[in-house]
Amino acid sequence: MLRVLLEDDDYCDVPADLMTFDDGAVVFWRDGEEAGRHRQSRIRSLELMDSRSMTRKIKAARRNHPKAFRPWTPEDEQLLTDMFRNGAGKDELIGALGRQEGGIATRLRGLGLLLDDQKLL
């Protein structure tokens, strides 16, 4: 598990076992599937997380967000895209997708729907 520390004191924890670079973005992979991506210019640093504490953190997050830290399916991405384009707010997206705010914002940025300096409203 990697903690990706971003500008503006934002961060996101990514379950990754590999990092690659793609056109100005750092792409995180787990078991051969993309687990997340961030613009390289937004990343301040990376921290390797202790797997035992991350297991506890993931279990705690999934109590309220059942899909937290899980890979995004094409269906999840389509629902996110449709809801976001139709003006759904942060709380509505969190409820419908079962994910944390940071995971939703990261995926929106990866899909090119949210700019690097924009916050999820």
Global geometry of segment 1-118, whether rounded, prolate or oblate, following the gyration tensor of its Cα atoms and the 1.5 cut on a/c: oblate
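Exactly which trypsin sites (Lys or Arg not before Pro) in segment 41-114 are in a DSSP loop and have at most 16 other Cβ atoms within 10 Å?
Answer by residue number: Lys67.
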Pull up the cross-link candidates among the lysines for Lys119, meaning alpha carbon to alpha carbon under 19 Å and not fewer than 8 places away within one chain. Lys90
Could you compute the FRET efficiency for Asp117 and Tyr11, with r as their C-beta to C-beta distance and R0 at 22 Å, rounded to 0.05? 0.90
Dipole in debye (nearest 20) - the chain, about Cα centre, beta carbon charges: Lys, Arg +1; Asp, Glu -1: 520
For the chain, give the percent of accessible area contributed by carbon and sulfur heavy atoms, probe 1.4 Å, rounded to a whole number. 48
How much accessible area per residue does segment 67-121 have, counting only protein heavy atoms and a probe of 1.4 Å, in square angstrom? 56
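The values are calculated or read from the model by the stated rules, or taken from the named source; none is laboratory data. For clarity, every value in this text was computed on a predicted model and none was experimentally measured. No Cβ is skipped: glycine too gets one built from the backbone with ideal geometry, and neighbour counts run over all protein chains shown. Calculation scope for accessible area: heavy atoms of the full protein, side chains included, ligands and nucleic acids excluded. Shrake-Rupley method; radii C 1.70, N 1.55, O 1.52, S 1.80 Å.
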